[in-house]
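Novice: There's a structure below that I have some questions on.
The values are calculated or read from the model by the stated rules, or taken from the named source; none is laboratory data. The model shown is predicted, which means the values in this text are computed figures rather than measured ones. As a convention, Cβ positions derive from the backbone with ideal geometry for all residues, glycine included, and neighbour counts pool all protein chains shown. Just the protein is used for accessible areas: all its heavy atoms, side chains included, with ligands, DNA and RNA removed. Shrake-Rupley method; radii C 1.70, N 1.55, O 1.52, S 1.80 Å.
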Amino acid sequence: VQLLEIIVVNDGSTDKTLAVVDDFRKKMSLIKLLDINPNQGKGNAIHQGLAASQGDLCLIADADSATPWDQFIHLHAQIAQNSKLKLAIASRDLPGSQVRIQQSWIREHMGRTFNLMVRLITQLPYRDTQCGFKLVTRRDILGFLPFLKVKRFAWDVEFLMFARAHELQIQEVPVIWEHQEESRVHAIRDSLEMLWSILKMRVRIWFTQN
């Protein structure tokens, strides 16, 4: 696999992200920076990155590296051996997954409850929609990307719902994962926001189909 580019999307951060990225860009010409200001959310950042990308395969990865980047090889292996597979999504909750640093008890059980509710509301079969590590075939997702409306953390769910509606084959892949204490996700507030977004999304799709 030839690495063509690394796109860093800075979504209105107020820390030293820009300075750090600029420093790395001097050493690695493959690094490109998209600076979005003000902050608009995870979903919008991913949209911008995918739209700007040039590669046939795009790895969507959270900046905190909770899933180490070397786990790419497991996702790529699935797509490489199955020409019909269009998305390989990392999972923390499959046989073979390794959670090396656990979240707090509250975060872990809220995550499991959230996933259960997502599966009930959306009928998505995946055990982990929110792991921020997904490998996609770019040409297959560009057709529906402009129709996605969720800009924040529920983006993953909407993305997978549209991918399934377009009959794209998706495979969950067990990976190594390590909880990062500096995570910006607020367990209660953001979970409630995501559930509300998913309910609105489901109603929108229901009215569209009927």
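Novice: Read phi for every residue in the range 122-129 and hand back ³J(HN,Hα) as whole Hz from Karplus 6.51 cos²θ - 1.76 cosθ + 1.60, θ = phi - 60°, with x for Gly and Pro.
Specialist: 9, 6, 5, x, 7, 7, 8, 7
Novice: Explain nothing, just the number: dipole magnitude of the range 67-152 about its Cα centre with +1 on each Lys and Arg Cβ and -1 on each Asp and Glu Cβ, in debye rounded to the nearest 20.
Specialist: 300
Novice: Based on the alpha-carbon gyration tensor of the range 72-132 and its eigenvalue square roots a ≥ b ≥ c, which shape applies: rounded if a/c is under 1.5, prolate if not and a/b is larger than b/c, or oblate?
Specialist: Oblate, because a/c is 1.5 or more while a/b does not exceed b/c.
Novice: For the chain, give the percent of accessible area contributed by carbon and sulfur heavy atoms, probe 1.4 Å, rounded to a whole number.
Specialist: Reported share for carbon and sulfur atoms: 55 percent.
Novice: Just the accessible area per residue of the chain, please: how many Å² with a 1.4 Å probe?
Specialist: For the chain, the per-residue accessible area is 58 Å².
Novice: Using θ = phi - 60° and the Karplus relation 6.51 cos²θ - 1.76 cosθ + 1.60, list the HN-Hα couplings for the range 62-70 in order, rounded to whole Hz, with x at every Gly or Pro.
Specialist: 5, 5, 6, 6, 4, 9, x, 5, 5
Novice: Okay, moving on. Pick out, from N37, Y126, Q71, the residue whose Cα sits farthest towards the positive end of the charge dipole of the range 1-143, with +1 on the Cβ of Lys and Arg and -1 on the Cβ of Asp and Glu.
Specialist: Y126
Novice: Right, another one. Between exposed GluC sites (Glu not before Pro) in the chain, where DSSP calls loop and at most 16 other Cβ atoms lie within 10 Å, what's the longest gap?
Specialist: 6-166
Novice: With the Cα gyration tensor of the chain giving a ≥ b ≥ c as the square roots of its eigenvalues, does the rule (a/c under 1.5 for rounded; else a/b larger than b/c for prolate; else oblate) give rounded, prolate or oblate?
Specialist: Here the chain falls in the rounded category.
Novice: Mind running the shape call on the range 1-65? Use the C-alpha gyration tensor, a ≥ b ≥ c as the square roots of the eigenvalues: rounded below 1.5 for a/c, prolate if a/b tops b/c, oblate otherwise.
Specialist: Verdict is oblate for the range 1-65.
Novice: Whole-Hz ³J(HN,Hα) for each residue in the range 3-18, computed from phi via Karplus 6.51 cos²θ - 1.76 cosθ + 1.60 with θ = phi - 60°, x for glycine and proline: what do you get?
Specialist: Each residue of the range 3-18 in turn: 7, 8, 6, 10, 9, 9, 9, 8, 8, x, 5, 10, 9, 9, 3, 4 Hz.
Novice: Dipole of the range 27-124, Cα-centred, from +1 at each Lys and Arg C-beta and -1 at each Asp and Glu C-beta, to the nearest 20 debye?
Specialist: About 160 debye.
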